[in-house]
Amino acid sequence: MSVSSKYIFQQGDVLKALGRTTWSALTQKKSSSKDFPIPGPIYEGVVPPRAPELVKTYIRHVGGEPGLYKEHLPPHLFPQWGFSWAAQTLKGLPYPLLSVVNGGCRLEVHQPLPNDEPIHISAQLVHLDDNGKRVVMHQRVISGTKSAPEAIVATMYPIVPLRQKAPKDAPKSKKKKEKPRVPKDVKEIDFWKLRKDAGLDFAKLTGDFNPIHWVPSYARMSGFKNTILHGFATMARAMEGLNQHLYMGATPLRVLDVQFTRPLVLPHTVGLYVTEDQQVFVGDAPGGPAYLVGQFSTELTPATRHAEAQQPSTPSTEGAQ
């Protein structure tokens, strides 16, 4: 059953942020990243508690059980309130932000985030890696309340491919690195039949209305066979699947650190796979293509984020998220 369009009216902050990012990208002046201080400025704010009905609908949409969230919010819902603040951290950057892709995210749950208190948000661009071919950014969004400060720490890894013309006498590029695949020795713990409108439904619940997720003609114009699922939607489903099918909902994850490795074209049926050493994959089948790869833990662990994020195979997959 499709998600009601009434939830769009609760996404004003995210929609405004998308508009500001688009306008900034279209009117940006030439400058250098050297003019931008790193770490960047901290943007802080407070938003009201999330509407209970929206939260319940969202939890069901990503495969969760609302009864497990009677007093706190699902941590993977953070883009719904945090995106508009994260977008501000990119103001003034001299990059084509309309081509930004979602490279991955590390989500740390320090304590449950109460669902009946205003949410205090802090966002900052903490790192920037420009190698001339692509730019990898690290955005940190911290969410908490008065009774649970810094409850959730999310570090996002947006990537901006930089298109450069190679000299005529330049040597031919090396063979592209093979994209990750699901290992053959994994255990399937869940699978999802994703409808063709799964991207639109997630957009209604979070405000991320990038057209490649819900407008087929735009997605095809961007190089895809059809619309693709949001990376954060795949991450949310993975987190719920791990909690419910691996820990029976009783031991929620404390850390989920993932990379989005391929666009997940809709409609699609995919599996959720794990290994004994706490690796997680979302893919077609063991040995097949992986759309998400990562690590998970029920304990807070030091960040082991890969040193160099891979450049996406399709440069214009996702607009500013």
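The values are calculated or read from the model by the stated rules, or taken from the named source; none is laboratory data. Keep in mind that this is a model prediction, so the values were computed, not measured. Cβ atoms come from the backbone with ideal geometry, glycine included; neighbour counts cover every protein chain shown.
Structure above, values below:
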item: Selection within region 127-142 - under 15 Å from C105 (Cα atoms) and of a type outside the set (A, V, I, L, M); result: H127, H138, Q139, R140
item: Pair list, Cβ under 7 Å, 6 or more apart: region 232-260 residue farther than 18 Å from F191 by Cα, other residue in a loop (DSSP other than H, G, I, E, B) and among the charged types (D, E, K, R); result: R254/E299; D257/R305
item: Region 39-59 - residue that is within 17 Å of L73 (Cβ to Cβ) and β-branched (V, I, T) and, of those, surrounded by the fewest Cβ atoms within 10 Å (Cβ to Cβ); result: V46
item: Filter result (of a type in the set (S, T, Y), surrounded by fewer than 22 Cβ atoms within 10 Å (Cβ to Cβ), touching a helix residue (DSSP H, G or I) at 6+ places or on another chain (Cβ under 6 Å) and assigned to a helix (DSSP H, G or I)) within region 193-248; result: Y218
item: Filter pass, L128 being within 26 Å of P211 (Cβ to Cβ), at pLDDT below 95 and either buried (at least 22 other Cβ atoms within 10 Å of the Cβ) or of a type outside the set (V, I, T) (or both); result: no
item: Given (1) within 22 Å of P149 (Cα to Cα); (2) modelled with pLDDT of 95 or more, index of the condition A86 fails; result: (2)
item: Residue count, region 266-284 (criterion: more than 20 Å from V62 (Cα to Cα) and surrounded by 16 or more Cβ atoms within 10 Å (Cβ to Cβ)); result: 1
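This table checks each residue for (1) out of contact with any Phe, Trp or Tyr (no Cβ under 7 Å at 6 or more places or on another chain); (2) part of a strand (DSSP E or B); (3) in contact (Cβ under 8 Å) with a residue 60 or more places away in the chain; (4) among the acidic types (D, E).
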{"residue": "A87", "(1), (2), (3), (4)": "yes, no, yes, no"}
{"residue": "K91", "(1), (2), (3), (4)": "yes, no, yes, no"}
{"residue": "P94", "(1), (2), (3), (4)": "yes, no, yes, no"}
{"residue": "N102", "(1), (2), (3), (4)": "no, yes, yes, no"}
{"residue": "L107", "(1), (2), (3), (4)": "yes, yes, yes, no"}
{"residue": "D116", "(1), (2), (3), (4)": "yes, no, yes, yes"}
{"residue": "S122", "(1), (2), (3), (4)": "yes, yes, yes, no"}
{"residue": "G132", "(1), (2), (3), (4)": "yes, no, no, no"}
{"residue": "R140", "(1), (2), (3), (4)": "yes, yes, no, no"}
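Residues are listed down the side, and each one gets a yes or a no for (1) surrounded by fewer than 22 Cβ atoms within 10 Å (Cβ to Cβ); (2) touching a strand residue (DSSP E or B) at 6+ places or on another chain (Cβ under 8 Å); (3) within 24 Å of F260 (Cβ to Cβ); (4) of a type in the set (D, E):
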{"residue": "H120", "(1), (2), (3), (4)": "yes, yes, no, no"}
{"residue": "Q124", "(1), (2), (3), (4)": "yes, yes, yes, no"}
{"residue": "M137", "(1), (2), (3), (4)": "no, yes, yes, no"}
{"residue": "R140", "(1), (2), (3), (4)": "yes, yes, yes, no"}
{"residue": "A148", "(1), (2), (3), (4)": "yes, yes, no, no"}
{"residue": "A154", "(1), (2), (3), (4)": "no, yes, yes, no"}
